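Please treat every number below as a calculation from the coordinates, not as lab data. Predicted, not measured: the structure shown is a model, and the values here were computed from it. Positions of Cβ are generated from backbone atoms using ideal geometry, with glycine treated the same way; all protein chains shown enter the neighbour counts.
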Amino acid sequence: MRKIARYTVFPLVFGGAMVAAFAGFRAGWSWELVVAGTVFVSAMIIIGLERVMPYVPSWNRSHGDVRTDSLHLVVSMIALPELLRAALFGALLAASVWMTERIGFGLWPTEWPLVLQASLGMVLAELPYYAWHRLQHENAFFWRFHAVHHSAPRLYWLNAARFHPVDTIGGYLFQSPLLVLMGAPEEVIAVFLIFTGVHGLFQHANLDIRLGPLNWIFSMAERHRWHHSRTIDEANTNYGGNLILWDLVFGSAFLPERPPPEDIGIAGAPDYPSGYLAQLAEPFRGLFARDAEDEPHAP
């Protein structure tokens, strides 16, 4: 049963979330309710499954990181995205209408079935995010902020929220705003948010799951654990937030046959701060006092 569960948990829960979302749209529910409800229920399921089938049992024990990750969740995954959405979406919608009027036709294929529109949205939004994520690993300045995410001493569901606010803003600007500007309807944006939210939980979850052939579609846990390796050549791979497509195109996909490391983090920064406020301040420490290449945790 455990072996069967390894291969069925992700498609059943993730697929169920997508089906529930489409059912909610057909029932006329608001897209905000559909997004919040679907991601919340998926999170509860994943949290429960971590206790039943952990990938690394010791990762289920607190490493003194729950409070820090909880604050990252509230700020970087809830409050900040809502503020950005309120600040940007109105202007982006207006710009989308202006562009449509100027060129004489809409940029988004609204006549397509919602499934195809959502698939197109995922592929398009992943490309600029891939470029942003890769830049964060290859540029010392941007790495300062992204290092907060990689400072996690273990992988579990709440690590999906461990992002510096500057990192969150950058990642946000390179994803859903592009779809809004192109004229994608609310349902497509909602599906994208659900996909990203549920996938992100699975991607970091302490679950003993396998994807098999699906590893050639999703940038999921089996690949993402290598992305958190202390070895630079292993960590600077698998940049896709949701899909592995652009990693395959640009040669950064990585999935060896050996198991990924259990000892994760930043090799050059064993004393990286663990407190929330200290992590917010860390990227700015000595920013103008020394060269970035002298940073102990620079990529």
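Rounded to 0.05, the FRET efficiency of the residue 287 and residue 86 pair, given R0 = 35 Å and the Cβ-Cβ distance, is 0.75.
Rank 210, 258, 102 by mean-square fluctuation in a GNM of the chain with C-alpha springs under 10 angstrom and give only the top-ranked residue. In this elastic network of the chain, the residue with the biggest mean-square fluctuation among 210, 258, 102 is 258.
Where Lys and Arg each count +1 and Asp and Glu each count -1, what net charge lies around residue 210 among other residues with Cβ under 15 Å from its Cβ?
+3
Annotation: the residues 244, 4, sorted from fewest to most other C-beta atoms within 10 Å of their own C-beta, follow the order 4, 244.
Say R0 is 30 Å: what FRET efficiency, to the nearest 0.05, do residue 139 and residue 249 get from their beta-carbon distance?
Values: r = 21 Å, r/R0 = 0.69.
Rounded to the nearest 0.05, the efficiency is 0.90.
Roughly how big is the range 2-294's charge dipole about its Cα centre, with Cβ charges of +1 (Lys, Arg) and -1 (Asp, Glu), in debye to the nearest 20? Spell out each step's value before the answer.
On the way: 20 positive and 25 negative charges, 131 e Å.
For this selection, approximately 620 debye.
Computed over neighbours whose Cβ is under 15 Å from that of residue 73, the net charge equals -2, Lys and Arg +1, Asp and Glu -1.
Around the amide H of residue 218, modelled in the peptide plane, lie the amide H atoms of 244, all under 5 Å away and 5 or more residues distant in sequence or on another chain. The sum of -39500 (n - 2.57) across all DSSP H runs of n ≥ 4, divided by the residue count of the chain, sets its helix-only mean residue ellipticity at 222 nm to -18000 deg cm²/dmol. At an R0 of 51 angstrom, the distance between the Cβ atoms of residue 231 and residue 99 translates into a FRET efficiency of 0.70.
With a/c under 1.5 counting as rounded, go ahead and sort the chain into rounded, prolate or oblate using the C-alpha gyration tensor (a ≥ b ≥ c being the square roots of the eigenvalues; past the cut-off, prolate if a/b is larger than b/c, else oblate). Judged from the Cα gyration tensor, the chain comes out oblate (a/c at least 1.5, b/c at or above a/b). Between the listed residues 57, 180, 216, the Cα displaced farthest toward the positive end of the dipole of the chain, a dipole computed from Cβ unit charges relative to the Cα centre, is found at 57. Hey, what did the chain get for relative contact order, percent, Cα under 8 Å, at least 6 apart? This gives 26 percent for the chain.
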